[in-house]
Each structure stands twice: as C-alpha cells, then as structure tokens.
1. Can you find even one residue in the range 96-107 that is within 17 Å of the chain's Cα centre (by Cα), under 19 Å from Lys135 (Cβ atoms), surrounded by fewer than 21 Cβ atoms within 10 Å (Cβ to Cβ) and modelled with pLDDT of 95 or more?
2. Mind checking which residues of the range 37-57 are among the aliphatic types (A, V, I, L, M) and either buried (at least 20 other Cβ atoms within 10 Å of the Cβ) or farther than 16 Å from Tyr90 by Cα (or both)?
3. Filter the range 121-131 down to the residues that are touching a residue at least 40 places away in the same chain (Cβ under 8 Å) and either of a type outside the set (Lys, Arg) or not in a helix (DSSP H, G or I) (or both) and list them by number.
4. Of the residues Ser82, Ser129, Ser108, which is touching a Leu at 6+ places or on another chain (Cβ under 7 Å) and farther than 29 Å from Arg209 by Cβ?
5. Only one residue in Leu139, Leu154, Leu185, Leu114 is part of a helix (DSSP H, G or I), over 25 Å from Glu36 (Cα atoms) and touching a residue at least 12 places away in the same chain (Cβ under 8 Å). Which one?
6. Would you confirm, using the coordinates I've provided, whether Lys66 is over 26 Å from Tyr212 (Cβ atoms), over 17 Å from the mean Cα position of the chain (by Cα) and not assigned by TED's automatic domain parsing to the domain that holds Ser162?
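The values are calculated or read from the model by the stated rules, or taken from the named source; none is laboratory data. Since the model is a prediction, treat every value here as computed from it, not as a measurement. Heads up, the Cβs are rebuilt from the backbone with ideal geometry, glycines too, and the neighbour counts pull from every protein chain shown.
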Amino acid sequence: MRYSFVTITKKLNNMIIDENLLLENGAVYENYPAKETIYEMGGIPYYYFQIVTGTVELNNYHEDGKEFTLNIIFEGQSFGESLLFGDKNYPMNAVARTDCKIIRLPKSNFFDILSKNMELAFTMFRYLSDRLFYKYVILFSNSATDPVPKIKSLLDYYKENSLKQKSYPYQVPLTRQQIANLTGLRVETVIRTIKKMAADNILKLDGRRILY
C-alpha cells in the first residue's frame, strides 16, 4: 500500500511526518511536564518520537556532574529516530525543557510506514543526513579557538533546520546559556561574542532576542 496523502509536511503543518499518518498507524499522544525525562541514557530505543508542542533537550552529564547539551529539539521535529536503525542503547538523555506534547510510535510501526512509502523513507533519510552534515560542520567549528565560528555554525544549523520560520531575520530560539551549553563556551564568552557579532553585522539584537 502506498499512502497517497501528504506524509512529509514541512510546508503544510511543520511536522516531519504527518500526525494523522502516525496516529493511523498506532501512535499515541503523551504529555510531559517541564523537566520530566522522556528517556534515559542506557535505555533501549523502542519508539519514534515527534514533538507536537514544546521543547526537548538531549543531554549528558560529565563525571563532575556538569551538564553537556547535545541538541535542543523544537516543535515539529523528531528525536532519537536514528538509533532505531541500529542495536545500540541511548547514549544520551531526552528531557522536556518545557511542557511538551509528544506523539510516540512503536519502532515496528515506524519501520512498517517507511517500508510502505519509499518517498517518506528517502525524505526521512535526507532529514537524518542533513543532521549528520551539520554535526560534522559544528564539530569542526568547535575545534576553532575563535568563538565566532562556533556560534555562527550553531545558528546556521538551527536556522537551516527550522520548520516554523524561514524568513529573514530568523529569530534564534536559544538563550545565551543554551548556546553556551551547545558550544562548550562559557556563557560570559557567548554574551561578549554575540555583541561583537552584532557590531560586525553578522546578526542583529532586539533586546534579548537574537535575529540572524
């Protein structure tokens, strides 16, 4: 069977996979209050997750207890799906940073959808490929001593992968602290560098908002 209605709908409803398609194939809605753990490091990937509303953070903790943020996922995006294709446990935690409504689909049902719709499968693979591409770019940028390319690569990643806003200027949905966590920089360095980037016309500041 080939699904004839829209399955990848970035332009229509800002979702990676159409909600109706997920629900018709066994997905359920789940609500998570802010700070609640969705899955933990070491857990087994059993589900495909897609955010309906809210923000999810993927993180780890160093031995000294310091948090390291791997990614911040927003409305319409999915997370943890790449691990469904392997046999490894989760190498990170997924935590609701705000109150979240998430649609959850069992792994076997997710594979069944992909097997019946090659267009959807290839679009999902492109989505994962884009994420991997920017991970390499950000990893290289983070090796630089200058904080500007680190922050710029991060902003490029979020702007390119935004499902909700494509217009210029792009309103960056990250706080200074989140940018610091994602780049490994000190928050004081982030604040100082963002001001410098604004002075150099790389971005604009509107109060606390960062426009890029």
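1. no
2. Result: Ile38, Ile51, Val52, Val56.
3. Within the range 121-131, Thr123, Met124, Tyr127, Leu128 qualify.
4. Going through Ser82, Ser129, Ser108 in turn, just one is touching a Leu at 6+ places or on another chain (Cβ under 7 Å) and farther than 29 Å from Arg209 by Cβ: Ser82.
5. Exactly one of Leu139, Leu154, Leu185, Leu114 is part of a helix (DSSP H, G or I), over 25 Å from Glu36 (Cα atoms) and touching a residue at least 12 places away in the same chain (Cβ under 8 Å), namely Leu154.
6. yes
Residue by residue, here is whether (1) modelled with pLDDT of 85 or more; (2) more than 22 Å from Thr69 (Cβ to Cβ) holds:
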{"site": "Ser115", "(1), (2)": "yes, yes"}
{"site": "Leu132", "(1), (2)": "yes, no"}
{"site": "Leu139", "(1), (2)": "no, no"}
{"site": "Asn161", "(1), (2)": "no, no"}
{"site": "Arg176", "(1), (2)": "yes, no"}
{"site": "Arg192", "(1), (2)": "yes, no"}
{"site": "Leu205", "(1), (2)": "yes, yes"}
{"site": "Arg209", "(1), (2)": "yes, no"}
